[in-house]
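Taking it in order: structure first as structure tokens, then the write-up.
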Amino acid sequence: MQRILITGGTGSLGSALATRLYPTHKITILSRDECRQKALQALLPDADFILSDICNKTALRRAMVGQDILVHAAALKHVDLGQKNPDEFNRVNLYGTTLVAETWSELGNSPYALYLNTDKSVMAVNHYGKSKAAGEAVWRSYGYSVLRYGNVVGSNGSFLSVWDKLVDEGKPIVVREPDPTRFFLTISDAVGLVVEAMGLMRTGENNFYPPNDSALGTFLGHGGKTENDPKTGVFVPHSLQSFSIRDVAEAYAGLNGCNIEAEPLLAGEKIHEVLTAEGEVLVNPPGGKLGIVRPGFNGVLSSKTALRLSGVEVLKRLGRV
């Protein structure tokens, strides 16, 4: 039975991933939320739990000894808090990520280390995104793998949960302007992408790029890896659909009998999600939902131009209709 360490394992995605992998793997969770640890421990009694911040190297070493795979999901994530507290976001998202990669490497563990990243790190316009972009660069410098994905719809803190609270309080729901779009990704979808990325970096099945492409090898990372090492890469879902939040708001308001108020985007908030930047191209594998990023120019992968779902379709997929 393989041993998997998940940092930030009590967050929405981390706990869902741990629950998915628990029946067939030995799970260790490192997080700093003691209440969530107690709740998750009741569901996963045979998992190991370590209470710590990722900036505690002693705790990291204790958690990493004997592990086969690392999934680094720990991060500070709220855009508005990042704008107000840049030092703390640097400490956790950059310095903490550096410690995680450094400690995993010093212990001589496997190259199977996956960093979970956000669309906000691509052509970042807020401090949260910039701290995650820097974390990705550090992670890749060790030759480890990255998975980028967008916001998870319907998770705790998402716009739907905010709207539900406003409706319960008898208030109108709030929509940002000008007409932001987002990729459609549920928590189950996100867990599936993580599992697929873990399989790609472990089995080498992502070796679908040209076998002698030295530029790609240089782009993917260093850390003593060969230029075509199939265990490293930046993975991105290549066929996500998207939606307009305004369209979802109108469908939601029709079902709940509430009004809609428009407000400007928050400071640092993106209008559209992007998963590849200028200077990056996504090469799609034969089958599977993930492609791999390589150097090139083919336009950014954006929720603005992705195949669009209607507001009603989004609510149906989330079981709201």
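Observations, loosely collected:
- Lone qualifier among Tyr115, Tyr22 - being of a type outside the set (S, T, N, Q), closer than 24 Å to Met198 by Cα and touching a Phe, Trp or Tyr at 6+ places or on another chain (Cβ under 7 Å): Tyr115
- Check on Gly66, surrounded by fewer than 17 Cβ atoms within 10 Å (Cβ to Cβ), out of contact with any Phe, Trp or Tyr (no Cβ under 7 Å at 6 or more places or on another chain) and among the small types (Gly, Ala, Ser): yes
- Residue in region 18-25 that is at pLDDT 95 or above and within 16 Å of Lys77 (Cβ to Cβ) present: no
- Gly287 on the phi > 0 side of the Ramachandran plot and not basic (Lys, Arg): yes
- Region 77-107: number of residues that are of a type in the set (A, V, I, L, M) and at pLDDT below 95: 2
- Of all residues in region 271-321 being in contact with a Gly (Cβ under 6 Å, 6 or more places away or on another chain) and within 18 Å of Arg140 (Cβ to Cβ), the one that is surrounded by the most Cβ atoms within 10 Å (Cβ to Cβ): Ile292
- Tally, over region 132-159, of residues that are in contact with a Gly (Cβ under 7 Å, 6 or more places away or on another chain) and of a type in the set (S, T, N, Q): 2
- Scanning region 275-300 for residues that are modelled with pLDDT under 95 and hydrophobic (A, V, I, L, M, F, W, C) yields Ala277, Val281, Leu282, Val283, Leu290, Ile292, Val293, Phe297, Val300.
- Filtered residues of region 176-196 (kept if among the small types (Gly, Ala, Ser) and crowded, with 20+ Cβ neighbours inside 10 Å): Ala190
- 1 or more residues hydroxyl-bearing (Ser, Thr, Tyr): qualifying strands (runs of 3 or more DSSP E) within region 1-70: 3-7, 26-31
- Of the helices (runs of 4 or more DSSP H) lying entirely inside region 78-175, those containing at least 1 residues that are in contact (Cβ under 8 Å) with a residue 60 or more places away in the chain and either buried (at least 16 other Cβ atoms within 10 Å of the Cβ) or of a type in the set (Ser, Thr, Tyr) (or both) span 79-84, 97-106, 127-141, 159-168.
- Residue within region 259-270 that is under 19 Å from the mean Cα position of the chain (by Cα), crowded, with 18+ Cβ neighbours inside 10 Å and either of a type outside the set (Ser, Thr, Tyr) or modelled with pLDDT under 80 (or both) present: yes
- When region 197-218 is limited to residues that are part of a helix (DSSP H, G or I) and surrounded by fewer than 19 Cβ atoms within 10 Å (Cβ to Cβ), the one that is modelled with the highest pLDDT turns out to be Gly199.
- Number of the condition not met by Leu275 [criteria: (1) farther than 28 Å from Asp164 by Cβ; (2) in contact with an Asp or Glu (Cβ under 7 Å, 6 or more places away or on another chain)]: (1)
The values are calculated or read from the model by the stated rules, or taken from the named source; none is laboratory data. What you are looking at is a predicted structure, and each value in this text was computed from that prediction instead of being measured. Virtual Cβ from ideal backbone geometry, glycine too; neighbours counted across all protein chains shown.
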